[in-house]
Structures are given as structure tokens and as C-alpha cells.
Amino acid sequence: MDSVVITITSGKGGVGKTTTTANIGTALALMGKKVVIADADIGLRNLDIVLGLENRIVYDSVDFVEGRCKLRQALIRDKRAGELYLLPAAQTRDKTAINPQQMIAMINELRDEFHYILIDSPAGIEQGFQVAVAPADRVLVVTNPEVSSVRDADRVIGLSEALEKGPAMLIINRINSARVRKKDMLSVEDITEILGSQVIGVVPEDEEILSSTNRGQPVVLNSKGSAAQAYRDIARRIVGENVPLTMPSNGSFWQKLFGRA
Amino acid sequence: MISIKGQRQGILILFSDAEGATWAAQLDELKAKLEQSGSFFSKARMSLDVKTLSLSLEELQAAKNLLEEHRATLWAIASQNDKTIANTRRMGLATDPNKEDPPALVNDVVAKENPFAAIADGTDGLLVQRIVRSGQTLRHPGHIVVIGDVNPGAELIAGSDIIVWGKLYGAAHAGSTGNDKAVVCALDLRPTILRIANMTRRVPEDKKRKHPKPEMAKIVRQEMNIYEWTP
């Protein structure tokens, strides 16, 4: 199978890597693709919580690497989205539990069976990041429209270039068009001017994300909100559809008047 | 007798094997150069070319220690002498800096670009056609020319001039081996820190402008100033 391994990273913590990974993975699965989303944040795993699969973890990637289970046994199927599987990280270990070679070998074993393997990278640029990008065919960098997160994105893009992962693509997360207009926030143009990278998606700030994360329900499953739509658009761009980039609005006049779907 | 060259793989020090060129004398010369050069070699990855000199393990180790004192890392020694090659291997170092790649460093992404020979003044240069990103250091004993932006958090260290055909928002150190004739030019000159030879200055915050003009920083009468850059 022609599989694509995509690592989602950011340098800075708290920009929305895990939510982004969960939603893009779910959206790809809802489009009929066979998808694994792998949590590379060993010791601080979150992807299982965002997906609402926490209490189904029996084995994790470290169990597989250390020979306690087959890879199949570590995969947890998310029945809400067709062929979507989670490969959880170990919570009781740290980033040294898996080295880049082991990561590459483990992900290669999944390549035959899945269309897309998304890897949720930990924050930072140390070993955890190096392990998460080692098997990647493509790197997506999540950034928020503020200076420190853009600076860290620049660092991470440089590192992934040095690792010869090709040009990283950008996801600009939590943009608020009203605040951009007031110049409180960097605009998409400001960010691309600094980073010189191609943007694969712009996700608006959306209150729905917080509640859906807490409920373990990725927004793409059932929401018509603007963030959910932005994630679906990114998934369509990943599979090669030509979806024009639209600047999402954070609630137009009419949406505010009638309440959001 | 020794000479220093910038290379794709980092910095190369060429030793002489001419008659009368003793190892001890050349190490003294290297020591003097390292001391003159301030921070230029700090964190740099270096290789040596010792030609046909026959060197013992202790002699090679002396060179390695000297470089480490200046916070540089020795990773390869090229030689045409079998005894020297054997001793290099015993130290666990590479023996062919042209064929092997230096160890990767997360914090010092050395340019993969090839150096060029500048015609104007005979000094080598490094031409880089890309964005130099946060956390990346470009280091060259000659000129550095960047076609592209230098982002905040990036660092350029050149023995001679720095020319940026783009925005220079990172740190720039021209004339880092003590050359106070060196200049720093950019289409938008707003580095976080600007150094020429041993002088340092900060660029005022209020320099943020809508339509930046090309500018050149240089030392005139012991003072670093910024001038309009008109070729």
C-alpha cells in the first residue's frame, strides 16, 4: 500500500498539536482512508484522551518495542470513524524508551496496511522530537499566530530541513480574524513572510474545541463549526484535493445573530 | 605556516610538511591564531590536514586538546602517512573529511552549501541561497553571502564581510577574527545583535519601518555606524 507518514510537530508546547493530529486523523478516516495515529509523546501522552480512548489501552508502543506484544495488539480501533486506529504511547516511561531506529522499524511495519500514519510529536527539539520525525515522509508544523510560537516553528522547520524531510508545511491554529484586524494577532501573511513555508491549513479559534477535547470527541466527527471544517479541508489537501485556502471568520454577523451550529 | 579554510564540512586547518616545519612550532602558531580569533572557533567542527607528517598519538592528542580549550570539536584528520592515519583511527576520529560527514549537532546546523572563491579580493566566501532559520549558525572564515532572509535566532559569523540580500533579523558578527574593515550589509538591516571585529551594538527598536532601505554597517574612526547601502 502506498502509505504516507506525516509527523505533526511545533517546537513550542500547547499550540494544539494533539488536537490537530486527532482531528486530521479522524477526518482522513471518515474519508474512507485506513489511518493510524501514533502518539510519540512518551510519558506525557494525551492523544488517547482527546480521542476518548484512554480506558481501552492495554498495550502501547513501548510494549511493542520491548517485545511484550505484537504491533496489532497495541493498536486501538476507534469505531466512530471507520478504519481509524490509535497507537498509544507509554505513560510510565520517558522519551529514551524508543530510539529513532526502533521508531522507523515500528512505523515501517504499519506502512503495508495503512494509507496514512500520523505521528503526534512531543514539544521541544530533543530526543522525543528526533524520534517522532525520524520515520516521517512529510512534516506538518503547527503554529499559533503569536511571535514565540512562530519563532519555535522556524527552529523546527530548520531542523526538519537539516534532517532532509523536505519543506515542512504549516498549520496556523487558533487564528481570530477580528483580533488580526485589530493587529493583536499576527496574520497569515505575517507568518508566511517570516517562515517562507507553504500553508496547508488555517484553523480558527473555536470554543467548541475545548469542550470536544474534554469529552474525547474530535470536532470533525459531528460538528459543522468552522474549526471542524478547517480540519476537514486540511485532510482533503493531504490526500491531494485542491481546496482553496479561505480565511476563516470567527463567527460572522449572521452566525452570531443565530447562534452557531 | 598553517592556513585555515572554510569547507563544506566545517573548518579545515592545513599544516605544512615542508622541511623545518615542526609540529610543535605549527601548534604554537595554531594556538596564537585561536587566541586572536576570539569566539570564531567556539562550537565549530574542525578537521586537520597534516599531509605527510608522521605524528604520534600524543602529538595528535595535543592538537585535539588545544582545539577543545577553544571549545572547538576536532572530528577528522586527513593524512598521507600510515602511522598518522593509524593513530587517527585509534583516537576514534575520521580520516577523510572529504568523504565522511561530520557528526550532526542539533544546535549548529552547518551549511551544506559549497564555499566559493571570491574574485574581488581573493578571500573565500560562502554563498547560501535559502532562509537561515532560528537556531542555525553559519560560520565561515571568509565572506558570507545570503540570498534570502536571516530570521531572528539565527547566527552568522564571518571572518570578513556579511552580505544579506534579504532581511537580516538574526545575529551577525563580521570580521570575527579581528578584521575591523569588515562590513555588514542587508536589504533590511535589523539584527538582534550586530558585531564587527570586537565592537558590538544593538540596533534601535524603533527601526521597524514599512519600507526599509538597504543599509551597511561599518566601523569608521572606532565607531560602528549604519549607512545607506548604495553600491
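The values are calculated or read from the model by the stated rules, or taken from the named source; none is laboratory data. Please read these numbers as outputs of a predicted model, since none were measured by experiment. Backbone-built Cβ (ideal geometry, glycine too); neighbour counts: all protein chains shown.
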message: Exactly one condition in (1) surrounded by fewer than 23 Cβ atoms within 10 Å (Cβ to Cβ); (2) in contact with a Cys (Cβ under 9 Å, 6 or more places away or on another chain) is false for residue A:60; which is it?
response: (1)
- request: Read through the list (1) buried (at least 17 other Cβ atoms within 10 Å of the Cβ); (2) modelled with pLDDT under 95; (3) away from every other protein chain (no Cβ under 14 Å), then give the number of the only condition that residue A:203 fails.
  value: (2)
task: Would you be able to tell me the number of residues in the stretch A:172-186 that are touching a residue at least 60 places away in the same chain (Cβ under 8 Å) and either in contact with a Gly (Cβ under 7 Å, 6 or more places away or on another chain) or of a type in the set (Asp, Glu) (or both)?
output: 2
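What strands (runs of 3 or more DSSP E), lying completely within the stretch B:128-178, carry at least 2 residues that are within 11 Å of chain A (Cβ to nearest Cβ) and closer than 30 Å to residue B:210 by Cβ? Explain how you work it out, then say what you get.
On the way: elements: B:137-140, B:143-147, B:155-158, B:162-168, B:171-174.
Qualifying strands (runs of 3 or more DSSP E): B:162-168.
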task: Look at the stretch A:144-192 and say how many of its residues are crowded, with 19+ Cβ neighbours inside 10 Å, in contact with a helix residue (DSSP H, G or I) (Cβ under 9 Å, 6 or more places away or on another chain) and not aliphatic (A, V, I, L, M).
output: 7
